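The values are calculated or read from the model by the stated rules, or taken from the named source; none is laboratory data. None of the values given here were measured: they were computed from a predicted structure. So basically every Cβ, Gly included, is an ideal-geometry build from the backbone, and we count neighbours across all protein chains shown. Side chains included, ligands, DNA and RNA excluded: accessible areas come from the protein's heavy atoms. Shrake-Rupley method; radii C 1.70, N 1.55, O 1.52, S 1.80 Å.
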Amino acid sequence: MSQEFTIDDLKRILLEGAGADEGVDLDSDILDTDFEELGYESLALLETGGRIEREYGISFDDDTLAENRTPRALVATVNALLKDAVGV
Amino acid sequence: MTAKVVITGIGVATPNGLGVDDYWAATRVGKNAIGPVTRFDAAQYPSKLAGEIHDFTAEDHLPSRLIPQTDRMTRLALVAADCAFEDAGVKPGDIPEFDMGVVTASASGGFEFGQNELKKLWGQGSQYVSAYQSFAWFYAVNSGQISIRNGMRGPSGVVVSDQAGGLDAIAQARRQIRKGSKLIFSGGFDASICPWGWVAQLAGGLMSTDENPERAYLPFDTDANGYVPGEGGALLILEDAEAARGRGATNIYGEIAGYGATFDPKPGSGREPGLRRAIEAALADAGLTAGDIDVVFADAAGTPELDRVEADAISAVFGPGGVPVTAPKTMTGRLYSGAAPVDVVAAVLAMREGLIPPTTNVTLSPEYDIDLVTGSARTAPVRAALVLARGYGGFNSAVVVRAAD
């Protein structure tokens, strides 16, 4: 059975790697909010991406983080990669 | 254009005090803050003492967004910047963003952050290194983070000239105000009490190896045997004097009235070191003579050769015993780029109270004919002060601070 990556996993990793902006509540409905609006610039996403890769044993393409601009998109992409990894 | 540039806000964090009130309460009574290193296990190193800041928890003051991306020195600087704004009675949005800048000094950069990431690189692999290593170690990072946090997009930069940098940055800030900026943050913070920072400083060969906190850092004493490092610094808000009065600034601490900087001649040249010329240049820039200066805050290197150079320069300009000299940094250790901005703070607070803080633990060597304020503080009217700072490798800087009225 493949491991699942959830929005809660993403929130935990965001907080560990980059913290949270004042005035941003990660526990509100953020699934479709752009990362930039949540206060995460490219470096914060790079750090977050690196932590996800390490923890879940997957690798992103160079443009994975640029293309997945919302938590929903990133969670879906990570789960697709996890599924592929199990399928190999 | 030679507008008067004044200090209107202060944020200070030193081993003997956080904030202006704490710092001065400790400094005026000579409270020692040098002790055994606790930030790492220094048992295996030849130097085991430091001036550490013990009661600072960054998470109490800064958003969690800033914690993973900042070295300790940056956290201290960001909190000091907040305090300075509050002290000045200005909010970041009160002044147009391109009229405010940040010019700080840095001697080491974020060594502790960098050390942790290098450990991950060699211990776990490159994929474990924080993305924030790209800037968190960097000399300019304090200027950058203060600028971003407070929306200050005017002229900014960093000066790297070891301890002298603390004054060089203030001078650069003054230039920017004279060119038209409304408000410039200046000063410096260093905090590299970690193994990597320690060995880097040990390599200079000037750190004290004495293990007695009261005998380890003794500038101008017969037993001078090196310096003790400390962490911390100060940030000053500098403004054009008229503009500051115009906005109703309530804390006008003093004026940055003069500045001089020189570089030492090549070692072995036999030529006189540059410190005397730096002092004379600062006095000339302020339009003052030696007799106008009420106190000198010494660089106080703590090694016999460098103490000799400084005592000779002071005596050459002021005459034997011609001016009170003090080194409150004997309480905290040398704070690198933070040292001289803290001395500028001490100078304006000395003016405010009419009290020269003491040089602690030191008995003046009969070798030097300076009037060193030892033991306890000395009551004296202070209208103008000279602050000296030297950097490893030959930097000499001097700033004259004058009462503003």
Given the conditions (1) of a type in the set (S, T, N, Q); (2) within 26 Å of the chain's Cα centre (by Cα); (3) open to solvent by 10 Å² or more (accessible area, probe 1.4 Å), and given that B:SER106 satisfies all but one, which numbered condition is not satisfied? (3)
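Regarding B:ARG308, is this residue more than 27 Å from B:VAL12 (Cα to Cα), among the basic types (Lys, Arg) and in a helix (DSSP H, G or I)?
Values: more than 27 Å from B:VAL12 (Cα to Cα): yes; among the basic types (Lys, Arg): yes; in a helix (DSSP H, G or I): yes.
It is true that B:ARG308 is more than 27 Å from B:VAL12 (Cα to Cα), among the basic types (Lys, Arg) and in a helix (DSSP H, G or I).
Of all the helices (runs of 4 or more DSSP H) wholly in region B:158-250, which have at least 3 residues that are open to solvent by 10 Å² or more (accessible area, probe 1.4 Å) and charged (D, E, K, R)?
It comes to B:165-178.
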Contact list, first residue from region A:21-33 and more than 12 Å from A:ILE7 (Cα to Cα), second anywhere and of a type in the set (A, V, I, L, M, F, W, C), beta-carbon distance below 8 Å, six or more apart or interchain, is A:ASP21/A:LEU38; A:VAL24/A:LEU38
Condition broken by B:THR262, with the remaining ones in (1) assigned by TED's automatic domain parsing to the domain that holds B:VAL20; (2) in contact with a helix residue (DSSP H, G or I) (Cβ under 6 Å, 6 or more places away or on another chain) satisfied: (1)
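Determine whether B:ASP71 is within 22 Å of the chain's Cα centre (by Cα), among the charged types (D, E, K, R) and modelled with pLDDT under 95. Spell out how you get there, then give the answer.
Working: within 22 Å of the chain's Cα centre (by Cα): yes; among the charged types (D, E, K, R): yes; modelled with pLDDT under 95: no.
The answer is no for B:ASP71.
Given the criterion under 22 Å from B:SER64 (Cα atoms), within 9 Å of the chain's Cα centre (by Cα), more than 9 Å from every other protein chain (Cβ to nearest Cβ) and open to solvent by less than 50 Å² (accessible area, probe 1.4 Å), identify the matching residue among A:LEU45, A:LEU14, A:LEU26.
Values: A:LEU45 fails: more than 9 Å from every other protein chain (Cβ to nearest Cβ); A:LEU26 fails: within 9 Å of the chain's Cα centre (by Cα).
It is A:LEU14.
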Failed item, numbered, when A:LEU46 is tested on (1) in contact (Cβ under 8 Å) with a residue 12 or more places away in the chain; (2) under 19 Å from B:SER134 (Cα atoms); (3) assigned to a loop (DSSP other than H, G, I, E, B): (3)
Leading residue by the ranking (nearest to the other protein chains (Cβ to nearest Cβ)) among those in region B:55-77 that are in a helix (DSSP H, G or I) and open to solvent by less than 10 Å² (accessible area, probe 1.4 Å): B:ALA58
Can you name the residue in region B:307-327 that is of a type in the set (Gly, Ala, Ser) and surrounded by fewer than 20 Cβ atoms within 10 Å (Cβ to Cβ) and, of all such residues, is nearest to B:ARG277 (Cα to Cα)? B:ALA316
Unique match (being over 22 Å from B:GLN127 (Cβ atoms), of a type in the set (Ser, Thr, Tyr) and either assigned to a loop (DSSP other than H, G, I, E, B) or more than 14 Å from chain B (Cβ to nearest Cβ) (or both)) among A:THR77, A:THR33: A:THR33
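Quick one: in region B:78-101, of everything that is part of a loop (DSSP other than H, G, I, E, B) and open to solvent by 40 Å² or more (accessible area, probe 1.4 Å), which residue is farthest from B:GLY338 (Cα to Cα)? It would help to see each step written out before you state the result.
Of the residues in region B:78-101, the ones part of a loop (DSSP other than H, G, I, E, B) are B:89-91, B:95-96.
Next cut, open to solvent by 40 Å² or more (accessible area, probe 1.4 Å) only: B:89, B:91, B:96.
Details: B:GLY89: 23, B:LYS91: 24, B:PRO96: 28 Å.
Checking each candidate, the answer is B:PRO96.
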Does A:LEU74 fit the bill of being open to solvent by less than 20 Å² (accessible area, probe 1.4 Å) and modelled with pLDDT under 95? no
If B:TYR45 satisfies all but one of (1) within 22 Å of the chain's Cα centre (by Cα); (2) of a type in the set (Phe, Trp, Tyr); (3) open to solvent by 30 Å² or more (accessible area, probe 1.4 Å), what's the number of the condition it fails? (1)
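Is it the case that B:LEU118 is surrounded by fewer than 20 Cβ atoms within 10 Å (Cβ to Cβ), more than 14 Å from every other protein chain (Cβ to nearest Cβ) and part of a helix (DSSP H, G or I)?
On the way: surrounded by fewer than 20 Cβ atoms within 10 Å (Cβ to Cβ): yes; more than 14 Å from every other protein chain (Cβ to nearest Cβ): yes; part of a helix (DSSP H, G or I): yes.
Against the criterion (surrounded by fewer than 20 Cβ atoms within 10 Å (Cβ to Cβ), more than 14 Å from every other protein chain (Cβ to nearest Cβ) and part of a helix (DSSP H, G or I)), B:LEU118 qualifies.
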So A:GLU67 ticks every box in (1) at the interface with another protein chain (Cβ under 9 Å from one of its Cβ atoms); (2) open to solvent by 30 Å² or more (accessible area, probe 1.4 Å); (3) in contact with a Ser or Thr (Cβ under 9 Å, 6 or more places away or on another chain) but one. Which box is left unticked? (1)
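Of everything in region A:1-37, what is among the hydroxyl-bearing types (Ser, Thr, Tyr) and at pLDDT 95 or above? Give them in sequence order.
Taking region A:1-37 first, the residues among the hydroxyl-bearing types (Ser, Thr, Tyr) are A:2, A:6, A:28, A:33.
If the condition is that a residue be among the hydroxyl-bearing types (Ser, Thr, Tyr) and at pLDDT 95 or above, then A:THR6, A:THR33 are the ones that fit.
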Looking at (1) out of contact with any Gly (no Cβ under 9 Å at 6 or more places or on another chain); (2) part of a loop (DSSP other than H, G, I, E, B), which one does A:ARG12 not meet, given that it meets all the others? (2)
Checking the structure you have, find out if any residue of region B:163-185 is on the phi < 0 side of the Ramachandran plot, modelled with pLDDT of 95 or more and within 14 Å of chain A (Cβ to nearest Cβ). no
Taking B:ARG149 and the conditions (1) at pLDDT 95 or above; (2) more than 20 Å from B:ALA80 (Cα to Cα); (3) within 14 Å of chain A (Cβ to nearest Cβ); (4) open to solvent by 60 Å² or more (accessible area, probe 1.4 Å), which numbered condition does it fall short on, given that it satisfies the others? (2)
